[in-house]
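The next block holds one structure in the form of C-alpha cells; read it before the comments.
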Amino acid sequence: MQIIVTEMNESDEINIRTQRSDYRFRLTDPFKCKGLLSGGRLGDKDHEAVFLGGLSAANTGSGEPSRLETGRRAVFFIDGASFDRLTTSIITEIKMAEAVAENC
C-alpha cells in the first residue's frame, strides 16, 4: 500500500506500523508534508515533524518524496526532540484516517 502525503487533507492521520514500532502522523500542512508525529522512540508526545521521503529496504535509494509505502523506511525531520532525524524500520502496514468535519 502507498499514500501520497501531499494529496491528503489537513488533520488527516496516517498510522504507520513498522517491523519494530507504531507511529501516528497527523497532518498540519500536507503540501509541505508537515504534521505531528508520535510513537516509536518518540513515545506518546506529539512532535512537529516533516516527512522527508522513503528509503528502500537496503537504503539504496529514495522514492517519491511525498510517498509513504509498505516495504520501505520512512524518514522524518523532528523538531524539538533530542535527535533531529528519525528513520523508521521497514513499514509493514499503513492506514489512513480522514479528518472528520465538526458540525457547529
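What spacing in nm lies between the two simple spin-label points modelled at R41 and A99, each 7 Å away from Cα in the Cβ direction?
Spacing of the two 7 Å Cα→Cβ label points: 3.1 nm.
Take the chain, connect every pair of alpha-carbon atoms lying under 10 Å apart with a spring to form a Gaussian network, then pick out the residue of R41, R73, R26 with the largest mean-square fluctuation.
Of the options given, R41 has the highest mean-square fluctuation.
Arranged by the count of other C-beta atoms within 10 angstrom, fewest first, what order do L36, L86, L68 take?
L36, L86, L68
Give a quick list of chymotrypsin sites (Phe, Trp or Tyr not before Pro) in the stretch 1-101 that DSSP marks as loop, anything other than H, G, I, E or B, with at most 13 other Cβ atoms within 10 Å.
Taking the stretch 1-101 and a limit of 13 other Cβ atoms within 10 Å, the loop chymotrypsin sites (Phe, Trp or Tyr not before Pro) found are F83.
Given the options A49, A57, A74, state which has the largest fluctuation in a GNM of the chain using a 10 Å cut-off (strictly under) for Cα springs.
A57
In a GNM of the chain with a 10 Å cut-off on Cα contacts, which of E64, E13, E48 has the highest mean-square fluctuation?
Per the Cα network of the chain with a 10 Å cutoff, E64 tops the list.
Taking a quarter of the surface of the Cα convex hull of the chain, what do you get in nm²?
Spelled out: convex hull of the Cα atoms, projected over all directions, averaged, 6.6 nm².
Using the Cα centre as the reference, give the magnitude of the dipole from point charges on the C-beta atoms of the chain (Lys, Arg: +1; Asp, Glu: -1; all else neutral), rounded to the nearest 20 debye.
Result for the chain is approximately 500 debye, rounded to the nearest 20.
Readers should treat all values here as calculations from the given coordinates under stated rules, not as data from a laboratory. Everything numeric here is computed off the predicted structure, so don't read it as measured data. Positions of Cβ are backbone-derived with ideal geometry, glycine not excepted, and every protein chain shown enters the neighbour counts.
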